[in-house]
Amino acid sequence: LAPTAAAGPLAGRHVVVTSGPTHEPIDPVRYIANRSSGRQGHAIAGALAEAGARVTLVSGPVVIPDPAGVAVVRVETAREMLAAVEAALPADAAVFVAAVADWRTEGAAVEKIKKGAGGPPSLALFENPDILRTVGTGPRRPALVIGFAAETQDLLANAGAKLARKGADLIVANDVSAGTGVMGGTRNTVALVSREGVDAWPDLSKDEVARRLVAEIVRRLPPETP
Ligand code: CTP
Ligand code: CA
């Protein structure tokens, strides 16, 4: 039997999604990372596949299962994530959900660093490439570019600044300040920030955020050029 072509509003479209944290090694047993379960990014990748898209999910280290119907590329560091995203292009849309570590150490130690008389080691940190900004302002920019912004203060102002700085069409802003407790959970309260304004969504499950975001992608994606 020939494989049946995917049906759904995103049939024939390719979407790249980043998800999870990145790990930046310090030595063979230690790393720098961000808090991220990958739940929101994986839910978005799965919902895109359900809408008929061909999905490439570039995921940092997570313990949750792969979403159904999605091609998964596993990476560890921010630089590996950027390379995997660039290798996956071209795409009609890209959704950058990963909590990328902003800094790495240069040249991880080959051997485990031992405690010793010298006291704690100092780590020199170097800034990682900004994957969203590289793609959002680059020559192979997908027609629709969506980022996330996890903020602990000035949510909408910070998200608006990221929209412009990173060349995104839409920033999904979420408040991760103490008390909201969304990181690692199954629910999310987000606001969509675009040039048209701010659309605040109610508290939803991450699966429901994913479904609504896919509807937004369907609405905003320019028609296919023949
Ligand atoms: N992002 C990325 N590559 C990075 C850092 C962030 O692709 N090196 C993406 C994230 O996946 C997210 C968006 O950029 O979609 C915003 O990430 P965030 O950490 O909120 O923004 P930063 O620019 O790193 O600013 P800061 O952490 O200082 O708030
Ligand atoms: Ca950051």
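The values are calculated or read from the model by the stated rules, or taken from the named source; none is laboratory data. This is a predicted model, so every value here is computed, not measured. Ideal geometry is used to build each Cβ from the backbone, glycine not excepted, and the neighbour counts take in all protein chains shown. The accessibility values were calculated without ligands, DNA or RNA, using every heavy atom of the protein model including side chains. Shrake-Rupley method; radii C 1.70, N 1.55, O 1.52, S 1.80 Å.
Given the condition open to solvent by less than 30 Å² (accessible area, probe 1.4 Å), under 20 Å from Val176 (Cβ atoms), touching a residue at least 40 places away in the same chain (Cβ under 8 Å) and among the aliphatic types (A, V, I, L, M), answer yes or no: does some residue in the range 29-44 qualify? Yes, the conditions are met somewhere in the range 29-44. Note on the range 2-28: residues that are at pLDDT 95 or above, small (Gly, Ala, Ser) and farther than 30 Å from Ala109 by Cα amount to 3.
Residues in the range 142-158 that are more than 12 Å from ligand 2 (Cβ to nearest atom), closer than 10 Å to Ala168 by Cα and free of Cβ contacts under 8 Å to residues at least 60 places away in the same chain: Val145 alone.
Pairs are defined by a Cβ separation below 7 Å, a sequence spacing of at least 6 or placement on different chains, a first member in the range 103-123 that is within 14 Å of Ile32 (Cα to Cα), and a second member that is surrounded by 10 or more Cβ atoms within 10 Å (Cβ to Cβ) and among the hydroxyl-bearing types (Ser, Thr, Tyr); the pairs so defined are Arg104/Thr77; Leu123/Thr105. One residue alone among Pro129, Pro223 is part of a loop (DSSP other than H, G, I, E, B) and over 15 Å from the mean Cα position of the chain (by Cα), and that residue is Pro223.
Can you find a residue that is touching a residue at least 12 places away in the same chain (Cβ under 8 Å), assigned to a strand (DSSP E or B) and surrounded by fewer than 23 Cβ atoms within 10 Å (Cβ to Cβ) anywhere in the range 76-91? Scanning the range 76-91, I find no residue that is touching a residue at least 12 places away in the same chain (Cβ under 8 Å), assigned to a strand (DSSP E or B) and surrounded by fewer than 23 Cβ atoms within 10 Å (Cβ to Cβ), so the answer is no.
Filter the range 106-133 down to residues that are at pLDDT 95 or above and of a type outside the set (A, V, I, L, M) and give me whichever is nearest to Ala161 (Cα to Cα).
Of the residues in the range 106-133, the ones at pLDDT 95 or above are 125-133.
Applying the additional criterion that residues be of a type outside the set (A, V, I, L, M) yields 126-130, 133.
Numbers: Phe126: 23, Glu127: 19, Asn128: 19, Pro129: 18, Asp130: 15, Arg133: 12 Å.
Among them, the one singled out is Arg133.
Being closer than 17 Å to Ala93 by Cα, over 11 Å from the mean Cα position of the chain (by Cα) and crowded, with 16+ Cβ neighbours inside 10 Å holds for only one residue in Val58, Val15, Val62, and it is Val15.
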